[in-house]
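Here the structure is laid out as structure tokens; the discussion comes afterwards.
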Amino acid sequence: MSGRAGAGLVPFDEALTRYEPVIGLETHVELGTATKMFCGCPAQFGGEPNTFVCPVCLGLPGALPVASRAAIEYTIRIGLALNCTIADWCRFARKNYFYPDMPKNFQISQYDEPLCTDGWLDVTVEPEGGGEPRQVRVGIERVHLEEDTGKSLHIGGATGRIHGADYSLVDYNRAGIPLVEIVTKPVDGTGALAPVVARAYVTELRDLLRALAVSDVRMEEGSLRCDVNTSLSATGSGRWGTRTETKNVNSLRSVERAVRFEIERQAAVLDEGGRVVQETRHFHEDTGATTAGRSKEEAQDYRYFPEPDLVPVAPSREWVEQIRASLPELPAARRARLKAEWGLSDHEFSMIQNAGAVDLVAATVTAGAGPAEARKWWLGELAREANQSGRELADLPITPADVARIAALVAAGALNDKLARQVIEGVLAGEGTPDEVVAGRGLAIVRDEAALTAAVDEAIAANPEVAEKIRAGKVAAAGALVGAVMKATRGQADAGRARELILARLGQS
Ligand SMILES: [Zn+2]
């Protein structure tokens with residue numbers, strides 16, 4: 001029985017009037033260790049197919065696995081950063097199932113004895129349409145260690161799926177790369193924020209993993225993969241509904257869209273008196289829809305049993321404490337520190353965060369700019385530019401050092417804001433460094449007193465009535481003459497100094 005994608009959707013806001021969503025996230029992270037989980041093969045992305053392989057990761061008879069100490073250490077790092085309890089004794093387990101890209105016909109994983117359990121990760125979300133940011137604590141059920149599978153390539157079909165393909169190829173380079181699975185507890189009570197909370201959680205987790213230097217966390221290359229569980233319960237019923245598991249959602253935006261779609265779809269099923277089927281679903285990037293996959297296996301289908309070829313993992317408390325002491329500053333603590341150092345409100349800081357500019361502003365401040373200036377340029381001119389060209393701020397061809405230099409030129413009075421914007425334009429257009437653009441375009445403020453005086457005299461001569469009013473004491477009229485001077489100097493005059501000179505010339509200083 002295929003899914004009910006054609007059965008219609010209930011608009012999101014309406015669905016939320018009758019149902020309460022519960023979400024859960026299972027995230028797989030490929031660890032950035034030098035070698036694979038149970039052998040010495042390089043754990044690298046890409047490479048000629050089937051070149052990073054050996055008898056162990058090919059599952060050849062008689063080959064025996066040995067667990068990677070580095071992978072266990074990375075997993076403990078992740079567990080500690082997620083406030084988990086680290087087991088003092090646990091085992092690997094065999095998860096039995098057949099899949100062509102899994103050469104042993106079982107996966108070495110962890111089942112009822114995961115390495116890390118019972119933690120949490122706090123995320124902050126902003127309600128749509130403004131309002132106070134809300135903090136949500138996402139419980140972490142478990143963090144366990146396993147090995148990745150190989151990769152099948154289906155050739156000849158239109159979709160890249162096995163259906164319709166002429167033949168399939170398999171690449172075992174990825175087989176045996178250490179994989180950490182991070183499973184949340186069910187997250188309820190977030191209502192209409194559920195899709196945003198799901199996205200914020202994956203974003204925060206990605207930033208955390210990056211700070212821990214345990215993975216390159218590239219969703220587009222599959223080193224961070226996300227399965228999104230969604231269920232609905234009738235509001236006030238107190239009973240959770242049947243959940244679906246949307247597999248391999250491969251971007252942050254898609255995480256949000258997948259939850260949103262499942263809420264709209266499941267609401268339609270329930271409204272019709274139907275039953276939500278417990279199943280895995282595929283997310284389609286192009287339409288934002290999910291479609292039914294296989295019905296979900298139960299744990300007993302995998303015939304888990306303790307892996308007989310590996311000794312138990314028993315990390316000493318001393319080792320765990322050493323790892324804890326070596327943890328870097330984590331993203332939440334770093335944000336709190338930067339917010340205080342920069343003297344910003346929650347709202348001001350979250351604007352920087354939402355623009356994806358925290359690292360850029362921090363680097364600009366490190367390069368010598370004041371926090372207010374760094375924030376002003378990245379969130380103003382440069383955010384506009386990024387928006388218009390459909391790029392991320394970090395992808396603009398301007399560096400934090402460039403922005404700091406421009407801020408310094410403004411602070412020194414060599415540029416005003418208008419000229420600074422032209423310098424930014426020049427840097428973005430590839431005309432060189434800020435100093436090269438200033439020189440190339442002739443963009444310095446006119447400091448030459450004689451040139452400025454000449455421009456002032458010209459402005460007075462060209463506007464005799466205005467000049468007369470000022471002589472008569474109407475100082476406010478000077479604005480018109482300052483405007484004329486600015487125009488004559490193509491905006492490069494120091495407006496304050498021009499005003500002083502005008503008033504002095506007309507006997508008003
Ligand atoms: Zn190997």
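The values are calculated or read from the model by the stated rules, or taken from the named source; none is laboratory data. Just so it is clear, the structure is predicted and the values come from calculations on it, not from any experiment. Methodologically, a virtual Cβ is constructed for each residue, glycine included, from the backbone with ideal geometry; neighbour enumeration extends over all protein chains shown. Ligands, DNA and RNA are stripped out before the accessible areas are found, and what is left, the full protein with its side chains, is counted by its heavy atoms. Shrake-Rupley method; radii C 1.70, N 1.55, O 1.52, S 1.80 Å.
General observations
- Filtered residues of segment 370-425 (kept if surrounded by fewer than 18 Cβ atoms within 10 Å (Cβ to Cβ), within 23 Å of the chain's Cα centre (by Cα), part of a loop (DSSP other than H, G, I, E, B) and at pLDDT 90 or above): G380, P397, T399
- Top-ranked residue in segment 358-369 [being in a helix (DSSP H, G or I) and of a type in the set (A, V, I, L, M); ranked as nearest to the chain's Cα centre (by Cα)]: V358
- Put simply, of A63, A15, A43 the only residue that is crowded, with 17+ Cβ neighbours inside 10 Å and within 16 Å of the ligand (Cβ to nearest atom) is A43.
- Just one of the listed residues (I140, I177) is within 16 Å of the ligand (Cβ to nearest atom) and open to solvent by less than 20 Å² (accessible area, probe 1.4 Å), namely I177.
- Applying the set (1) touching a Phe, Trp or Tyr at 6+ places or on another chain (Cβ under 9 Å); (2) farther than 24 Å from G79 by Cβ to M351 leaves exactly one unmet item: (1).
- Flag if F52 is closer than 18 Å to S152 by Cα, within 14 Å of the ligand (Cβ to nearest atom) and modelled with pLDDT of 95 or more: yes
- Verdict on F92 being open to solvent by less than 70 Å² (accessible area, probe 1.4 Å) and either more than 16 Å from the ligand (Cβ to nearest atom) or not assigned by TED's automatic domain parsing to the domain that holds V214 (or both): yes
- Given (1) at pLDDT 95 or above; (2) in a loop (DSSP other than H, G, I, E, B), number of the condition E73 does not satisfy: (2)
Condition check ((1) closer than 30 Å to T230 by Cα; (2) out of contact with any Asp or Glu (no Cβ under 8 Å at 6 or more places or on another chain)) across all residues:
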{"position": "E279", "(1), (2)": "yes, no"}
{"position": "H282", "(1), (2)": "yes, yes"}
{"position": "L327", "(1), (2)": "no, yes"}
{"position": "A374", "(1), (2)": "no, yes"}
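- Yes/no for T27 being within 30 Å of D271 (Cβ to Cβ), away from the ligand (no atom under 16 Å from the Cβ), in contact (Cβ under 8 Å) with a residue 60 or more places away in the chain and polar (S, T, N, Q): no
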